[in-house]
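Here the structure is laid out as structure tokens; the discussion comes afterwards.
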Amino acid sequence: MKKYDVAAFVWPSYTGDEPRTRIFWPDGIGEWQTVKAMSDKGYKGCRWPRVPLWGYENEADGSVMEKQIDCAVSYGVNVFIYDWYWYDNRPFLENCLNDGFLKAKNNDKMKFCLMWANHDATHLWDKRNSDKDLSTVIWSGVVTPEIFSDICDRTIEKYFKRENYYCIDGCPVYMIFDIDNFIRSFGTSDECKKGIEEFRQKTVAAGFKGLHFQVVHWRDRVFNWLGDGDSQKGVTSAEMYNFLGVDSVTSYNWGCSTDFDGEYTEVTDRYISAITEESKRLDIPFYPNISVGWDNNVRFNDFVPGVVVNNTPEKFRDACEKIKVFADESIEKGIMKAPFITVNSWNEWTETSYLEPDDLYGYGYLEGIKDIFVED
């Protein structure tokens, strides 16, 4: 059995240590405020509230993360991908990584890497306003080339140089969530390419073999939104990745390639079918994703359609097995260069897609990971 790097995304909102979080969650406990306030709506058989077996812990606490690291590794999750933010010329929600994971005495047991979640911040995180207004941009995810250059320097020094930063073939993995906003940060795709090349040069100068620049793939599409003077206006996703020099793609969750609505097994099969076809059109590896589920009604007062149902631990285990078959075949064909699979997620409670144990299924989802990905 091949040993896989099972990399779970971490949503670093479960702390009140960052003062700016209080504009969304004034109680000072981060988005636990939203999770605790969720009542039992009973729609489509979904069961809320769900209560974390570990309680509403501060995940920016090193001692808390020591327990979580031990748990994750014991069940086969050996990489945490931290959602990382930069708003208003400074980092946001960095405490869970800096004060939690990196101060855990046992963090050498697992790897970590960053996904720059460079989407705009709206009222989605504020349940008081989410039903009424998701169009207002509180903070833009777009930066300037100069700011990105500073982000690169900071990322290399603060994170890449740590011994447990995750690499593929000796190159630190750096993921971008929103490729459109990333291009907008440079004005044109031509300037964006220069920015990525500069990042690579800085990474090599810091002593690394290179940079593994990874992008979240949002279905096959054409970049028609680019300005008329942009050399890549009208290109496909595959052509854009090739032009920018992207090393690989993955999904943040299954919604990147299929609709999140329906029975879990059906959504599983739709996702695998979609990425099988999408990967054929790409010249770079597509590292697959396993999503635990989807239901973000926790963040809203009124019902929002698009809910995955019947995502039991048993069906999640079956999904893990199917994704592993996809990955095995991709590795055997020489497409995937590393045994790397992403999972959504470790702790996305407000999107109902988490591995952390709860009072409904206990450690059931983690058992599914262990059954499929941990070698005997």
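The values are calculated or read from the model by the stated rules, or taken from the named source; none is laboratory data. Keep in mind the model is a prediction, meaning the values are calculated, not measured. Positions of Cβ are backbone-derived with ideal geometry, glycine not excepted, and every protein chain shown enters the neighbour counts.
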Select from region 69-98 the residues that are assigned to a helix (DSSP H, G or I), closer than 20 Å to ASP17 by Cβ and in contact (Cβ under 8 Å) with a residue 60 or more places away in the chain and list them in ascending order.
ASN95, CYS96, LEU97
Has region 135-142 got at least one residue that is farther than 21 Å from PHE340 by Cα, in contact with a His (Cβ under 6 Å, 6 or more places away or on another chain), buried (at least 18 other Cβ atoms within 10 Å of the Cβ) and among the small types (Gly, Ala, Ser)?
yes
Kindly list the number of the only condition in (1) within 24 Å of ILE341 (Cα to Cα); (2) modelled with pLDDT under 95; (3) part of a helix (DSSP H, G or I) that fails for LYS2.
(3)
Within region 289-297, is even one residue in contact with a Leu (Cβ under 7 Å, 6 or more places away or on another chain) and either among the β-branched types (Val, Ile, Thr) or at pLDDT 95 or above (or both)?
yes
For the condition surrounded by fewer than 16 Cβ atoms within 10 Å (Cβ to Cβ), among the acidic types (Asp, Glu) and farther than 18 Å from ALA7 by Cβ, what is the one hit in GLU329, GLU278?
GLU329
Log entry, pairs with first residue in region 321-332 being in contact (Cβ under 8 Å) with a residue 12 or more places away in the chain, second being of a type in the set (D, E, K, R), beta carbons closer than 8 Å, six or more apart or on different chains, reads LYS322/ASP269; ASP328/LYS2; ILE331/LYS2
Of everything in region 272-285, what is of a type outside the set (Gly, Ala, Ser), in a helix (DSSP H, G or I) and out of contact with any Phe, Trp or Tyr (no Cβ under 8 Å at 6 or more places or on another chain)? Give them in sequence order.
GLU277, LYS280
Inspect all residues belonging to region 252-271 and state whether any of them is within 29 Å of PHE182 (Cβ to Cβ), in contact with a helix residue (DSSP H, G or I) (Cβ under 8 Å, 6 or more places away or on another chain), assigned to a loop (DSSP other than H, G, I, E, B) and without any contact (Cβ under 8 Å) to a residue 40 or more places away in the chain.
yes
Report whether or not GLY28 is over 30 Å from GLN214 (Cα atoms) and of a type outside the set (A, V, I, L, M, F, W, C).
yes
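Quick grid of which residues meet (1) within 17 Å of VAL235 (Cβ to Cβ); (2) within 17 Å of the chain's Cα centre (by Cα):
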position	(1), (2)
ARG154	no, no
GLU157	no, no
LYS161	no, no
TYR165	no, yes
PRO172	no, yes
ASP190	yes, no
